[in-house]
1. When a/c is below 1.5 the answer is rounded, else prolate if a/b is larger than b/c, else oblate, so apply that to the range 186-227 with a ≥ b ≥ c taken from the square roots of the Cα gyration tensor eigenvalues.
2. Once amide H atoms are placed 1.01 Å from N in the peptide plane, what residues at a sequence separation of 5 or more from V242, or on another chain, have their amide H within under 5 Å of its amide H?
3. Run the 1.4 Å probe and let me know the accessible area of L48, rounded to the nearest 10 Å².
4. Contact order normalised by length for the range 8-75, with contacts defined as Cα pairs under 8 Å and 6 or more residues apart; what percent is it?
5. Return the equivalent ellipsoid semi-axes of the range 28-71 as a descending list in whole Å, where each equals the square root of 5 times an eigenvalue of the C-alpha gyration tensor.
6. Sort K62, K80 by accessible area with a 1.4 Å probe, largest first.
7. Evaluate the relative contact order of the range 145-248 (contact order divided by residue number), counting alpha-carbon pairs under 8 angstrom at least 6 apart; express in whole percent.
8. Mind checking which of Y247, V179, G36 is farthest towards the positive end of the chain's charge dipole, using Cβ charges of +1 (Lys, Arg) and -1 (Asp, Glu) about the Cα centre?
Amino acid sequence: MFRLDGKVALVTGGFRGLGRAMCVTLAKAGAYVIAGDVGPDEVGQEMLRAVSEAGGKGELQKLDVTNGEQVEEAIKELHKRLGRLDILVNNAGIARDNLLMRVSDDDIQKTFAVNVVGAINCSRSAIRPMMRARAGRIINLASVVAELGNPGQAVYSASKAALIGLTKTLAREYASRGVTVNAVAPGFIDTDMTKNLPEEAKKFMLTQIPLARIGQPEDVAAAVLFLCTDEASYVTGQVLRVNGGMYV
């Protein structure tokens, strides 16, 4: 169960954090993983070493998800070279947190460019080979704050809520072609993004989580893995919440 042997998966933002955990988990399950990212090569190479140590295979792809033309060319090349694209995980994302009255135009534009436009660009390009194959999996990384809200994260919350709307619409558009589209909404997860929070903020967040612990990247990666497998073939248009009970 939960195997991906022979599948090809593209994970955006795949060099570190949640993306790194997803790449390792999918590769361990048998998928050939392409990590698309704009991060430093050394970070990507370290991720590939982790993939190899897990018994998997993969490669790095320099990918700016905000550039639709670059995304289109990259996915065309990957499909031509590898012969298939079975899985797309839209994980690339940024957060520029601030109270709304202090948010700049640049904060708004860059957050939506990466988090929303990036997912649209990648989905638009990946859906074509998936439609031809009459099979495919698209998973969008949303967030608990898309449904719960959080002070200081108006722009980030809005961008992640947009991904839920995108997920539901694409699920309806492409179900007849055998393509499922779902979202995973992580809660408070131990990543570089949360490591920078003040200790008092972390302690407060823990009081909001019934399971009373911070989630690990592997918790999210396991949910993504499930949605990629044949066992999830009857699941589409859904939001799988991985938040320790923070939002129910």
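1. oblate
2. Result for V242 returns A185, G187.
3. That residue has around 40 Å² of solvent-accessible surface.
4. About 32 percent, as a whole number.
5. Result for the range 28-71: semi-axes of 22, 13, 5 Å.
6. Largest to smallest exposure gives the sequence K80, K62.
7. Result for the range 145-248 is 36 percent.
8. The listed residue farthest towards the positive side: V179.
The values are calculated or read from the model by the stated rules, or taken from the named source; none is laboratory data. What you see is a predicted model, and the numbers here were worked out from it, not measured in a lab. Neighbour counts are summed over all protein chains in view; Cβ atoms, including those assigned to glycine, are modelled from backbone coordinates with ideal geometry. Ligands, DNA and RNA are stripped out before the accessible areas are found, and what is left, the full protein with its side chains, is counted by its heavy atoms. Shrake-Rupley method; radii C 1.70, N 1.55, O 1.52, S 1.80 Å.
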